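Asks: Below is a structure I'd like to ask you about.
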Amino acid sequence: MPLSLQAAAPARARRRDSLAGARQVTATAFAAQGAAVAAVFTTVPGIQQHLGLSSLVTTVLMVTVALAAGAGSFAGLAAIRRVGAVAAMRCAAVATAAALLLIGWAPGQASVTVAYLLFGMALGGIDVSVNTRAAAVERAYGRSIFSSFYALWSVGGVASALLTAGMARLGRPPEQILTAQAALVLALALTIRSHPIADTAASGTPSETAAVPLGRRMWAKLVPFGLVLLVAYVIDSTVSAWSTVYLHQVLAASLPTAPLAYAAYQAGTITGRACADHLIRRTGPAAVIRAAALVAATALAALAGAPGWPYAIAAAGFVGLGVSAFTPLCLATAGRLQPDAAEAILARLNLFNYLGVISGAAASGLIGSSGHFRLAFAIPAVLALLPLVTARSFAHDARLRPGVHHT
């Protein structure tokens, strides 16, 4: 073997190891985010009972989280430009764990409102930073891997939901449950390390291209992806924020049983996201979006009409299966519109995310508080068909067309 090739082999091995490390750390950060979100949503009934909150007040708190997350997303963008994506997502994950502790130990309505506000800010920060890092890692790999990150997001959500259910079955109060959840998120956050990758635009160090202008047409290009993302988060926020309450109040499930709908929903997303990258490469993103929309709409209708909590848990699993591909496909495709400013694009796209969270959590909460939780799940079933109209926009990305493979 020529000496030049012998010298190059260790360098290639180091690059592969660094890229694999970057992928693993990014997946861990997604898992921490998923666990934190599940920790908040699955403890809503316990916090309601503990502090004597009405359904309307709880709805306002969930909207507060979404509004704060929107602000936190742009704060996270500023942090990325200053310290890099990896440092930003590590700090945001630690802040998220601290906010969970504050929610659990809040003595009254005013203090828990502040705690939820801080949680939303931290959540927005980790959201934009992990997606920026994931976009950079996917570009370095040169093939579709975005869904695998969101699969780990769902794994974290399932683990957290099962932790809530298990501790509730043991009779633990919400402050102890959220303390355990905060410890889980913190343990994951402390494993986040920086690994250099070939893509320097969002590689974990402060980006030199962060101030690249996006152009006047970028909003128009983002609209189709934004609409799908909005639908995804209307569905996600409705199921995440209110499925536990729905099972407990409408379908007479016990407090230990009620979080299992959220766990089933996240298990469905794990299954879908584990298969999504392969299906995208095989059939193309447009076909995946269309199939996912039909599955999600059907499953939401079944959830709305469930005669008992076992049927609702099964339906929630299929909702997760259907909605699983929406978010990673939107973010991955949008991030490739202008790779040298991916973090700014993703921060813009997150506005649709939080608009979906706000409208989904608020509308379903208001409808549910009036005693019509079944209607709160039926309305998103209709919205789930909207991606059928926008699916062709995903077909324009040559990197994701069927038969196009990259190593």
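The values are calculated or read from the model by the stated rules, or taken from the named source; none is laboratory data. These numbers were taken from a predicted model, which means no experiment stands behind them. We place every Cβ from the backbone using ideal geometry, glycine too, and count neighbours over all the protein chains shown.
Asks: Against the condition at pLDDT below 90, of a type in the set (A, V, I, L, M) and within 29 Å of residue 79 (Cα to Cα), how does residue 212 come out, does it pass?
Replies: Criteria met by residue 212.
Asks: Please find, among 65, 158, 94, 128, the residue that is at pLDDT below 90, more than 22 Å from residue 238 (Cβ to Cβ) and among the β-branched types (Val, Ile, Thr).
Replies: One residue alone meets the criteria, 128.
Asks: Name every residue in the range 41-72 that is of a type in the set (S, T, N, Q) and under 14 Å from residue 173 (Cβ atoms), in order of residue number.
Replies: 43, 48, 49
Asks: Output the residues belonging to the range 313-348 that are assigned to a helix (DSSP H, G or I) and at pLDDT below 75.
Replies: If the condition is that a residue be assigned to a helix (DSSP H, G or I) and at pLDDT below 75, then 335, 339, 340, 341, 342, 343, 344, 345, 346, 347, 348 are the ones that fit.
Asks: Name the single residue, out of those in the range 137-149 being more than 12 Å from residue 333 (Cα to Cα) and aliphatic (A, V, I, L, M), that is modelled with the lowest pLDDT.
Replies: Taking the candidates together, the pick is 140.
Asks: Quick check: anything in the range 293-305 among the hydroxyl-bearing types (Ser, Thr, Tyr) and either more than 17 Å from the chain's Cα centre (by Cα) or part of a helix (DSSP H, G or I) (or both)?
Replies: yes
Asks: Looking at the range 276-286, which of the residues that are assigned to a helix (DSSP H, G or I), of a type outside the set (S, T, N, Q) and touching a residue at least 60 places away in the same chain (Cβ under 8 Å) is farthest from residue 328 (Cα to Cα)?
Replies: Only one residue fits best here, namely 282.
Asks: Could you check how many residues of the range 50-62 are without any contact (Cβ under 8 Å) to a residue 40 or more places away in the chain and of a type in the set (S, T, N, Q)?
Replies: Result for the range 50-62: 0.
Asks: What are the residues in the range 223-247 that are surrounded by fewer than 21 Cβ atoms within 10 Å (Cβ to Cβ) and touching a helix residue (DSSP H, G or I) at 6+ places or on another chain (Cβ under 8 Å), if any?
Replies: 224, 227
Asks: When residue 316 is evaluated against the numbered criteria (1) surrounded by 24 or more Cβ atoms within 10 Å (Cβ to Cβ); (2) within 23 Å of residue 131 (Cα to Cα); (3) in contact with a Leu (Cβ under 8 Å, 6 or more places away or on another chain); (4) small (Gly, Ala, Ser), which criterion, by number, is the only one it fails?
Replies: So the condition that residue 316 fails would be (2).
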